[in-house]
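One structure is given here, and the rest of the page talks about it.
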Amino acid sequence: MSFVKNIAIAVTFYCFALIQSSFLIHFNIYGFVPNLILISVLVINLVEFPEKRSGLFFAAFGGFLVDVFSNRPIGLNLSVYLVLAFIIKYLLKNYVRVSFGKDV
Amino acid sequence: MKRFRFLIYIVLIAIVVFGLNHFQNQIKSFVYNTSGFTQKILWDAGKNTSDLFASVFSAGNLKKEKEELSCDNQELLVKISALEDLKKENDELRNALGVGLEKDFNLLLAEITGKDISQDFITINKGSIDGVSKNMPVVTGHKVLVGKIGEVYKNYSKVMLLSDKKSSLDASIREKDISGVIKGQGGFKLLFDLLPQDKDVLKDDTVVSSNFGGIFPAGFLVGKVVSVRKNDIESFQQAEISPSFDINVVSDIFVITNYNI
């Protein structure tokens, strides 16, 4: 079940990459388009238990997709999203006492 | 032990990233080939939906727009009558010389399938297999300058729009002897820089490309002046340009394959 859930989230990320680069572009506000993948990565890492690792893999995959559909070298957004995920997990594990995490 | 494991993770990630970069062209080419059809459908759907919303939200401005258009119409009718004689002479000369956009250049028709959300690059469905190569100029059928080819893959290419931060070109104001440099500002914005202080740059002046830099062919429409920044302390004045190319309106563009750069 967890494997199926992971595949479903990965496919959703791919759909988000297509939607934000081809559909949402027409609804930009002063040239800015919402980055659905970044929003999803942040939500997953905030909601997930800090001890779990799957949020990091989704951060790396999401960053990889954003790199592929951009003109930047592969690895730039991948590294940034991974670092963001690490920071969120570190802060949640060491500084946040309220437990709202769940198994994503 | 924990620190050692952390270092191993860093090294593994670095190796993966290096490997992905090494095969970057193949990976991006594969993804664009797989996604191209879906992206085209989403692009057309987005364009149609945004047109629908634009017409709904602009309903309140219709009366004002109608009055402005009536004034413009009157001015244009006067200009048309003055230009008709010139057109006749021009047509005769063109027939004699056999010149025109399609006769001056080899044009390759391409469709836009997507746009980079963080940079001013668009993706088109023509690549190296169709004869596209880097730095080829890209235009619309109405002689509007779009940009130049930035990256080329097998079946797809990335076009760097004029408004991208790395883009710059020589341009001039039509019918006036004023030349300068257009610099991309990102977010579909252009800045017309290095304009002489002693020249009168006015709002709604039309900006066209010039071929001083040899990057783009001359005489293609770039945009219109929106505002002018003039400061006596500065050596040059600047103007903000509204690009004539609009991704919400245009789907088909042309790559000029025989312009010598």
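The values are calculated or read from the model by the stated rules, or taken from the named source; none is laboratory data. All values derive from a computational prediction rather than experimental measurement. Counting neighbours? That spans all protein chains shown, and the Cβs are built from the backbone with ideal geometry, glycine included.
Listed values, structure above:
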quantity	calculated
Members of segment B:1-21 that are aromatic (F, W, Y) and under 37 Å from the mean Cα position of the chain (by Cα)	B:F18
Residues of segment B:132-180 satisfying the condition of being of a type in the set (A, V, I, L, M, F, W, C) and within 14 Å of chain A (Cβ to nearest Cβ)	B:I149, B:V152, B:V159, B:M160, B:L161, B:L162
Flag for A:F69 being within 30 Å of B:I124 (Cα to Cα), within 13 Å of chain B (Cβ to nearest Cβ), touching a strand residue (DSSP E or B) at 6+ places or on another chain (Cβ under 8 Å) and surrounded by 19 or more Cβ atoms within 10 Å (Cβ to Cβ)	yes
Residues of segment B:100-123 classified as closer than 22 Å to B:G223 by Cα and among the β-branched types (V, I, T), total	3
Single condition A:A60 does not satisfy, out of (1) touching a helix residue (DSSP H, G or I) at 6+ places or on another chain (Cβ under 9 Å); (2) facing chain B (nearest Cβ under 9 Å); (3) farther than 12 Å from A:L84 by Cβ	(3)
Any chance B:L7 is within 19 Å of A:A59 (Cβ to Cβ) and more than 9 Å from every other protein chain (Cβ to nearest Cβ)	no
Qualifying position, being crowded, with 18+ Cβ neighbours inside 10 Å, farther than 19 Å from B:G114 by Cβ, among the hydrophobic types (A, V, I, L, M, F, W, C) and modelled with pLDDT of 90 or more, among A:L46, A:L36, A:L56	A:L56
Filtered residues of segment B:109-150 (kept if more than 22 Å from A:N28 (Cβ to Cβ), surrounded by fewer than 19 Cβ atoms within 10 Å (Cβ to Cβ) and at pLDDT 90 or above)	B:L109, B:S128, B:I129, B:D130, B:G131, B:S133, B:K134, B:N135
Hits in segment B:104-155 - residues which are part of a helix (DSSP H, G or I) and either not charged (D, E, K, R) or not assigned by TED's automatic domain parsing to the domain that holds B:K40 (or both)	B:S128, B:I129
Selection within segment B:163-187 - at pLDDT 90 or above, outside any strand (DSSP E or B) and surrounded by fewer than 20 Cβ atoms within 10 Å (Cβ to Cβ)	B:K165, B:K166
Test: residue in segment A:87-104 that is within 11 Å of chain B (Cβ to nearest Cβ) and either part of a helix (DSSP H, G or I) or closer than 30 Å to B:L190 by Cα (or both)	no
Odd one out for B:S81 among (1) surrounded by 10 or more Cβ atoms within 10 Å (Cβ to Cβ); (2) over 19 Å from A:I29 (Cβ atoms)	(1)
Residue check for A:L18: more than 8 Å from chain B (Cβ to nearest Cβ) and buried (at least 16 other Cβ atoms within 10 Å of the Cβ)	no
Residue among A:S79, A:S2, A:S22 that alone is of a type outside the set (D, E), modelled with pLDDT of 90 or more and over 23 Å from B:K40 (Cα atoms)	A:S79
